Amino acid sequence: MKIGVPKEIKNNENRVAMTPAGVMSLMSAGHEVVVEVGAGIGSGFFDKEYEDAGATLVKTASEAWSQEMVMKVKEPLEEEFTHFHEGLILFTYLHLAPEPELTKALIDYKVVAIAYETVQAADGTLPLLTPMSEVAGRMASQIGAQFLEKSKGGMGILLGGIPGVKRGKVTIIGGGVVGTNAAKIAMGLGADVTIIDLSPGRLRELDDIFGSSINTIMSNPLNIARELRTSDLVIGAVLIPGAKAPKLVTEDMVKDMMDGSVIVDVAIDQGGIFETTDRITTHDHPTYEKYGVLHYAVANMPGAVPRTSTIGLTNVTVPYALQLANKGYKKASLDNEALLKGINTLGGFVTYKAVAEAHELEYCDVFELLNE
Ligand SMILES: NC(=O)C1=CN([C@@H]2O[C@H](COP(=O)(O)OP(=O)(O)OC[C@H]3O[C@@H](n4cnc5c(N)ncnc54)[C@H](O)[C@@H]3O)[C@@H](O)[C@H]2O)C=CC1
Ligand SMILES: CC(=O)C(=O)O
């Protein structure tokens, strides 16, 4: 199969869908990889390394996009929709629930759109989202600590405190991969950490992992409102796979937060869990202030640490890319239910229920479409 790797064009998105090592794995299996010139530079991978690995370098995005399968990092932006063509296999993060225009374009062009974030293993885990959630979770506490500094717009506290001065309080809503990694770093900084989750089983696991060094609390509006009033940093880390994020934090709850406190809504890629994260921010302009609270809502946080992120992403995507390339998307996804769950659009239909519901579009069962 011919696989295209275009350069990412989102603001400060320095990741690339494949390392030279990934190229080599696909080439060794008999496939051809076409990489846009300069695609890897932001992650520290030079054109020569791709050439040495066996890739064909092309000068334009169109050439990279005109292959049978395209691998990317971020969901395509509007200017990339013109590259779509019928039957194209697009393997990337898509986050379609908050993206009506992208969803429509994928349907109109009959793209086989396989979303990294909905590829789901039998145990419910999301193998192609996990490494970027690890990165974003760890970054969330780092970033929160930074924006709590006075010169950055925060209230001017040090999360770890000092002897004789109270430490800062970090509340994390959602105790999955992002939440757990945010907690690790916040604890490392010396903060007082609370994780709120809806799943009693997950709360038990968190208690087993962290013991009495964190507080675990059941998610409900009353508990969220109470914890937020006394928090310096609040991190949004909830996910319902494929669906629009639930707005768990109301405008009134944010109004009740302390002046100069900070919100990092990592779940913004699925629409965000705060009523007040009503926009996506960029690495260039990462924050805005609302009701005295600093909001950070960057949807491609790992793009800021591209070297770590590109390697982490390629480690997990290439084994799936090999299945798609070796067998074709039909057999690969019929043989592997995790991949089947990744298919969000196929042949002009939405094949992921939560996405169809988010946009009030017809839903078609992917299994039935593949067996037609
Ligand atoms: N902004 C960015 O750059 C990035 C964003 N993300 C996003 O971060 C979000 C979280 O991802 P993961 O941690 O990997 O998901 P996950 O599936 O590992 O964890 C989600 C957690 O939310 C909990 N949850 C569900 N409903 C809840 C509720 N009502 N109240 C409290 N907790 C609830 C679940 O029990 C689960 O523990 C996703 O939207 C993901 O796409 C991930 C990577 C980068
Ligand atoms: C998960 C995602 O969208 C990202 O890493 O940018």
Q) By a straight-distance test (C-alpha under 20 Å), which aspartates and glutamates pair with LYS327 as possible cross-link partners, with residues fewer than eight away in the same chain excluded? A) GLU32, GLU68, GLU86, ASP335, GLU337, GLU368, GLU372
Q: Percent of Cα-Cα pairs per 20 Å bin, from 0 to the last occupied bin, for the chain, please list those.
A: 30, 54, 16, 0
(Q) Highest mean first, how do 49-55, 15-21, 209-215 rank when packing is the count of other Cβ atoms within 10 Å averaged over residues? (A) 15-21, 49-55, 209-215
Q.
Placing unit charges on C-beta atoms (Lys and Arg positive, Asp and Glu negative, everything else neutral), compute the dipole magnitude of the chain about its Cα centre in debye, rounded to 20.
A. 940 debye
Q: Assign one of three labels to segment 187-227, namely rounded, prolate or oblate, based on the Cα gyration tensor with a ≥ b ≥ c the square roots of its eigenvalues; rounded applies when a/c is under 1.5, prolate when it is not and a/b is larger than b/c, and oblate otherwise.
A: oblate
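With a 1.4 Å probe and all protein chains left in place, how much of the accessible area of the chain comes from carbon and sulfur atoms, in whole percent? Could you put the intermediate results ahead of the total?
On the way: 8090 of 15290 Å².
Carbon with sulfur: 53 percent of the solvent-accessible area.
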Q) Comparing ASP284, ASP335, ASP269, which has the greatest mean-square fluctuation in the GNM of the chain with Cα pairs linked when under 10 Å apart? A) ASP284
Q | Farthest toward positive dipole pole in segment 268-372 [+1 Lys/Arg, -1 Asp/Glu at C-beta], among THR308, TYR288, TYR320 | A | THR308
(Q) Can you tell me which of ILE235, ILE89, ILE185 moves the most in a GNM of the chain? Springs connect C-alpha atoms under 10 Å apart. (A) ILE185
Q.
Can you give the FRET efficiency to the nearest 0.05 for GLU251 and GLU101, using r as the Cβ-Cβ distance and R₀ = 30 Å?
A. 0.70
Q: Please give the per residue accessible area of the chain, computed with a probe of 1.4 Å over protein heavy atoms only, in Å².
A: 41 Å²
(Q) If I model a spin label at THR56 and TYR291 as a point 7 Å from the Cα along the Cα→Cβ vector, what separation in nanometres do I get? (A) 5.6 nm
Q) For GLN142 and GLU362 in the same chain, what is the full-extension length gain: residue separation times 0.36 nm, less their Cα-Cα distance, in nm? A) 75.0 nm
Q.
If each residue of separation counts as 0.36 nm, what is the full-extension length gain between GLU149 and LYS166 once their alpha-carbon separation is subtracted?
A. 4.5 nm
Q. Each residue of segment 120-137 in turn: what ³J(HN,Hα) in whole Hz from Karplus with 6.51, -1.76, 1.60 and θ = phi - 60°, glycine and Pro shown as x?
A. 10, 6, 4, 7, x, 6, 10, x, 8, 9, 3, x, 6, 6, 4, 5, 5, x
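The values are calculated or read from the model by the stated rules, or taken from the named source; none is laboratory data. Nothing here was measured: the structure is a model prediction, and the numbers come from that model. Ideal geometry is used to build each Cβ from the backbone, glycine not excepted, and the neighbour counts take in all protein chains shown. Protein only, heavy atoms only, side chains kept; ligands, DNA and RNA dropped before computing areas. Shrake-Rupley method; radii C 1.70, N 1.55, O 1.52, S 1.80 Å.
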